[in-house]
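Before any comments, here is the structure.
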Amino acid sequence: MHPDWLAVLASRGATVADGVVRDFGDAPRERAATAGGSIVADLSQYGLLSAAGADARTFLHAQLSCDLEDLADDAAVYGAYCTAKGRVLANFLLWSEAGTFFMLLPRSLAAGIRKRLQMFVLRSKVTLGDASDDRVAFGLAGARAREAVMALAGTVPTGSLKIARGGGVTALAIDGGRFVVIAPLAQAAAAWDRVAGALTPVGASCWEWLEIAHGLPWITPATQDQFVPQMANLELIGGVSFRKGCYPGQEIVARTQYLGKPKRRLFLAHVDAEASPAPGDALVADGGDQSAGTVVNAAPAPEGGFDLLAVVQTASADTATVRLGSAAGPALHFRPLPYALP
């Protein structure tokens, strides 16, 4: 988080720890507003990488799981960056603007992913950068989010994963009638103030809860290199193209899609635990002493307890009681995802 932006948020009542907004003074009220009202959330937990140059599109298309050949400037796409063994190192939301591509991903992964991509630039005419401190991202959700985007940009995206630009900001529509707004640092305070008067400012965990509720996972350092994209349902949210050519791990990803069925999938669940589950925490099934799955993301639920996304053995999710941490841990209560599993 840029110090200037940190100062802006602090002056608006934010409590910040480790570069992330914890809350704006009343976490329970903020969670209630997230579930039933209209909110704005700072997204400094995410970083923003850039790729510019004559070969940027071709280079990224050959490295990432998503199809960039026909990606227009008014659309965004989810995707993954995988190892040669098809395991996800990072997933992201990506779009282009005037020839430059931007990749929104967890800030904790940004530097490492940029460094790894740089290894493969070779003679390609591509410049990789980190725009995390030059632009500010915040999320809007709820019935009044659309109105807030109109106030900022003078226009609204026409559908999910569509983009509208105006007033110096970029607005991306995502699932659940939500928007990610990207503003230059110099304009961010004015943009925030314009929407914060109509929407309730909330902490980062509130936005994370919305992502979980919509079945949108984020790989973090604790879960890097563990899952093929299908285990995290990334192909179900449009993050994998099966029509494009080779990229790292493509053969294994394609084989998983066409020659078998993943034995593990991403599930949505609730758990009444005393402390928040953490990414990478193990899950176990009753009657077994081996791992039944892994927590991917978790956040406090408005009604109490925690909601989480976890990669779980499909057999365990269907037939067994799955518990957090150990056989004596609290049980997970599975809930339907907003999209169907195959």
- Task: Just name the residue that is modelled with the lowest pLDDT out of those in region 304-324 that are surrounded by fewer than 16 Cβ atoms within 10 Å (Cβ to Cβ) and farther than 20 Å from PRO229 by Cα.
- Result: THR319
- Query: Restricting the search to region 112-142, which residues are part of a loop (DSSP other than H, G, I, E, B), farther than 29 Å from LEU210 by Cβ and either free of Cβ contacts under 8 Å to residues at least 60 places away in the same chain or out of contact with any strand residue (DSSP E or B) (no Cβ under 8 Å at 6 or more places or on another chain) (or both)?
  - Reply: MET119, PHE120, LEU122, ARG123, SER124, LYS125
- Taking ALA331 as the residue in question, decide whether it is in contact (Cβ under 8 Å) with a residue 24 or more places away in the chain, surrounded by fewer than 19 Cβ atoms within 10 Å (Cβ to Cβ), of a type outside the set (S, T, N, Q) and more than 26 Å from ALA213 (Cβ to Cβ). no
- Query: Counting only residues that are buried (at least 16 other Cβ atoms within 10 Å of the Cβ) and not hydrophobic (A, V, I, L, M, F, W, C), how many does region 274-303 have?
  - Reply: 8
- Message: Just to be sure before I move on: is THR220 of a type in the set (Val, Ile, Thr), more than 14 Å from the chain's Cα centre (by Cα) and at pLDDT 95 or above in the structure I sent?
- Response: no
- Could you check, for region 47-65, whether at least one of its residues is surrounded by fewer than 18 Cβ atoms within 10 Å (Cβ to Cβ), of a type in the set (Gly, Ala, Ser) and within 25 Å of ALA190 (Cα to Cα)? no
- Tell me, which residue of region 124-165 that is of a type outside the set (A, V, I, L, M) and farther than 24 Å from LEU49 by Cβ is surrounded by the most Cβ atoms within 10 Å (Cβ to Cβ)? GLY142
- Item | Subset tally (residues that are more than 19 Å from TRP218 (Cα to Cα) and surrounded by fewer than 22 Cβ atoms within 10 Å (Cβ to Cβ)) for region 69-97 | 10
- Name every residue in region 62-99 that is touching a helix residue (DSSP H, G or I) at 6+ places or on another chain (Cβ under 7 Å), more than 22 Å from GLU211 (Cα to Cα) and polar (S, T, N, Q), in order of residue number. GLN63
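The values are calculated or read from the model by the stated rules, or taken from the named source; none is laboratory data. What you see is a predicted model; the values in this text were computed from it and never measured. FYI the Cβ positions are ideal-geometry reconstructions off the backbone, even for glycines, and counts take in every protein chain you see.
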